[in-house]
1. Could you calculate, for segment B:90-278, the ratio of the Cα radius of gyration to the Kirkwood radius, expressed as Rg to Rh?
2. Across the Cα atoms of segment B:40-111, what radius of gyration and what greatest pairwise Cα-Cα distance (Dmax) are found, in Å?
3. Based on the alpha carbon coordinates of chain A, what radius of gyration and maximum Cα-Cα distance (Dmax) apply, in Å?
4. Restricted to Cα positions, what overall size does segment A:182-285 have along the principal axes? Three whole-Å values, descending.
5. Just report the Cα centroid separation between segment B:586-606 and segment B:366-419, whole Å.
6. Could you tell me how many degrees, from 0 to 90 and to the nearest 10, lie between the Cα long axis of helix A:358-367 and the main elongation axis, the longest principal axis, of the Cα atoms of chain A?
7. With N residues in segment B:31-185, what two-decimal value do you get for its Cα radius of gyration over 2.2 N^0.38 Å?
8. Which whole-number percent is the relative contact order of chain A (Cα, under 8 Å, 6+ apart)?
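Values quoted throughout were computed directly from the atomic coordinates according to the rules given, and no laboratory measurement underlies them. Predicted model, so just to flag it, every value in this text is computed and none were measured. Using ideal geometry, Cβ is built from the backbone for each residue, glycine included, and neighbour counts are taken over all protein chains shown.
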Amino acid sequence: MVLRIRQLGVARLGVVLVLALTVGVQAQNAGQESTLLSRIRRLTVEGRRSGEGYWAPDGKSLVFQSEREPGNPFYQIYTLDLATGDTTRVSPGYGKTTCAFIRPGSDQILFASTHHDPKSKQYQQEELDFRASGKERRYSWDYDTEYDIYARAGRTGALTRLTNVRGYDAEASYSPDGQWIVFTSMRDAYNRALSPAEQKQVALDPSYFGEIYIMRADGSGQKRLTSVPGYDGGPFFSPDGTRIVWRRFDEQGLIANVWTMKLDGTDQRQITNFGSMSWAPYIHPSGAYILFASNKLGFENFELYMTDIEGTKEPVRVTYSDGFDGLPVPSPDGRRLTWTSTRSGGSEGQIFLAEWNHQAALAALKAAPPRTNPPAR
Amino acid sequence: MTQRLLLFVAAALLMAAPAFTQTPPPSKTRAHVEVLASDRLEGRMAGSPGERLAGDYIAAQLARIGARPLPGHRDMFESFEFTAGSHDGGSRLSIAVGGGPGLDFDVPEVQALSFSDDGDVSGPVVFAGYGLVVPESQGYAYDSYATLDVKDKVVVVLRYFPEDADQPTRAILARYSDLRYKAMAARQRGARAIIVVTGPRSPNAGLTIPMSFDTAIAGSGIPALSMTGAVADALFAGAARRAGTAVPSLRDIQQQLDSGNPHVAGFTLPGITVTLKAAVIRERQRARNVVAYLPAAGGTSRLTKPWVAIGAHYDHLGRGGLGSSLASKEEAGGIHHGADDNASGTAATLAIAQTLSKEKHRRNVLIALWSAEEIGLIGSNAFITTPPVPLDQIAAYVNFDMVGRMQNNRLVVEATGTSPVWSRVLERANVAAGFDLILQPDPYQPTDVASFNQAGVVSLSFTTGSHADYHKPSDTADKIDYEDLDRIADLASAIVRSIADTDAAPAFTKVDQPTTTRSSLAGVRVTTGTIPDYATEVKGLLLGGVTGGGPAEKAGLTKGDIVIEIAGQTIANIYDYTYALELLKIDVPVKVVYLRGAERRETMLTPAARR
Ligand SMILES: [Zn+2]
Ligand SMILES: [Zn+2]
């Protein structure tokens, strides 16, 4: 074994040298990434785009969203069996869907969907026609007010509608015990009388009204946890189930930071103050640190970072590749990482998978300097 | 820690290691690569003894795993002919002044150019300077024939281009100084033959021109010789004597031309008649593809395409004599081991065949190891031209070329655009294999997959990419990453398995060729959308295919047509064609004359801009 590893080491060094001759910058980057990530590979290949890959609690499969079937230009939800490579669609196949999550201790999978909207198929055709026209769109994500959260039973495939209000309900995830769901809703923009300024805001960008909500796994007991102007979204439970991590945008929607809070919405703590769009946080199963994405290095250049759970250290950069890297999700055993990236080219993301070096991550965080800009408490 | 302590620790670990670990399974590919890239096989140049040994080894390995010769074939060897080089076959030149007796020269004072047509020719002589013709499109007028009538005459020209011209002028002239182009220019003006001399003011002064390796098989349509400076002197002295003038030295004549001034003209050599014979012996050699198959487990009668094919080229550059070697001066002439290129692909193919031989599959698995890839995909083209298995019965072809040097877990998959099934098949198989796949839809690659794509066969090609040892003697077996090579074989086995066992054959998608056609001239600005067949000997330009949606396809041209004239330029070979491209203008239709079978046809073709 020693011999094999040593040979491998030599081979890799040779490779790095060759690359340095041909594509110097990339080689260096691959070298920097390799402290934390190894065996990086593109996991999804089929279709125009894929993203948001979340692990099953046993680590044997993933659920993800992908645009890969002719006739529907919107995401549908698929599971990927990591032993066989089989993919299976678990969403209705029409309408828009997003943000799936597998329920611990159950065969249920939740996701947000608009398929109940009678205009679903019309929208699909309109989007296809729009693309065929070759025109460019300014915004790529719309917050369709029809999005509601569904849970799908694994055996029967039966769908249970968990939310049923006007306004985008999505970005949902289960608690580690499978009893709770935390999610994002923009219902606040539609369930009360708005001021003229607010009405303008809804027309411009309803995500301003995005807030974090919690409910039981059957959809009962829906309760709002945040009430600050600006898009609060992307919530996940901590591995011990006692806290929620999410990202909070400022009112302009340009700066975002990672926050944590208790399940009742109290003890809200700002973890990052990175002066950029820091979002898509996910806590490593060890509970020791938070992985997230940020465009610290340039508006369109998202990279993965991590910071300790209390946010006392300056974030440590994880990825060093051209293009977008975001939506990091560690495996339940903490030894692998999936994320969404455009590193293989093009503007549309695909899901990548790598081995994650937890010990190196702990060491890098230990060595990181204290945070330069502690937010005021 | 000191060096010694380190060594001690390493040794201790080494001894302890077997106690903790299972020995890794033996590599499925290593032994193959080590044999094929060994010194004994001398770089496996097509047609060489080393290539024969390699072919024998491969056939023995295939027999060992139970692969069989194709139905109706006695053995696994499919041999084909190709041009491996040329030498002079007794060229001569006789110079007669007035009616007097001739002054005779033969090899080595005169020698055929490698692209010469054979022939016996006699006629008066015209000196045409450098014999250069720059197309008008270049915005620089230079025509050595502007004031000369060379019809039915023998043309004498200088090699290269004006030596003292300024740099921009040289840059233009250099591009038209190729001897094939000069020969074509003379031929198109009705000359009977062309004789080239290397001027006293040029490099290689006075020397004849070596007969280069020239895989483009067809001649230039005109007898073409080179002569020494001494022969040229005799020619010019005879002319001077006849005219009763002082003998102008070739040096003086060249010096006048060397300024690059386009108005310095050539002249007729008065009273001189030359009689010449040009003879080229092209060395036709035979090389061998090794082709075998694993029979399907049951009947294949219900399958429309009962075959799936895998393959790789096993030939390499020998000692690098053919021009595609990238060896440094110090390494030149050494054995080009070709461990990565393409012992690695050959080994992967054998490993996959071995894996599949132990399983039952619904399709026959065709296994092909190509020769003469390095000199122009000749082996795979021979297969496509006379397919031992009908091509429309092959569900897919999976190719391997240079798969032994993995960098950062990256595996490049080419030709993925040839079928919509590939993304799904690759995604599924790669979940277990775990490569960072880089997909390239383009099947127009410089490897055998191009031959299959042009034949309309769904195809796929794997490579780990180029590296510092590419086409050098230093591409050796010890540098191959066998662990990852085995992983590639496993991934590809899964892919072939899925094609072999799925009822429906993958649908073929024609991929438009990126508009960088292979052209020997940089700066050609138009494209005709033709894909020349470089390997087959014809007079004219044989089309190996046409680019989807390109000008040629729109003009109704198709694979197998032989283009013999474009825009009034006769086309004897690929070189004529390349030069003719220079004359075309974007969006200006031109007449194309071509042969379809025995029938002569005409069409209009509108060239498009290259991207
Ligand atoms: Zn090759
Ligand atoms: Zn090669």
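1. Numbers: Rg = 15.4 Å, Rh = 16.4 Å.
Taking Rg over the Kirkwood Rh, I get 0.94.
2. Rg and Dmax of segment B:40-111, Cα atoms, are 24.0, 75 Å.
3. Answer for chain A, Rg first and Dmax second: 20.8, 72 Å.
4. Projected onto its principal axes, the Cα set of segment A:182-285 covers 44, 37, 19 Å.
5. 32 Å
6. 90 degrees
7. On the way: Rg = 25.4 Å, N = 155, 2.2 N^0.38 = 15.0 Å.
Here the Cα radius of gyration is 1.70 times the empirical estimate.
8. Numbers: 907 pairs, mean separation 51.5, N = 377.
Relative contact order, chain A: 14 percent.
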